[in-house]
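Notes for the one structure printed next.
The values are calculated or read from the model by the stated rules, or taken from the named source; none is laboratory data. None of the values given here were measured: they were computed from a predicted structure. Neighbour counts are summed over all protein chains in view; Cβ atoms, including those assigned to glycine, are modelled from backbone coordinates with ideal geometry.
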Amino acid sequence: MSYSPSTAVPYVTLGNAFSLAGGTVAPTSVAHGYKDAYVSEWNFNIQQQLANNFGFMLGYFGSKGTD
């Protein structure tokens, strides 16, 4: 079984990238001042043993996403 492509893909270089893209690539299309999104997470737990086989735990946890 042999494979023969039905369409040819043009060779892209820095010299012909703009013309192959149809003139839609421009420096103004880049988001200047872009900041990465991040997530902050936290937790706080208090544990107390009340008997030999019984314990108590109180906890607080959360997260905050920033874009």
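Scanning region 44-67 for residues that are in contact (Cβ under 8 Å) with a residue 24 or more places away in the chain and not basic (Lys, Arg) yields a total of 4.
Residues that are of a type in the set (Ser, Thr, Tyr) and farther than 25 Å from Asp67 by Cα were ranked within region 18-55; the one that is modelled with the lowest pLDDT is Thr24.
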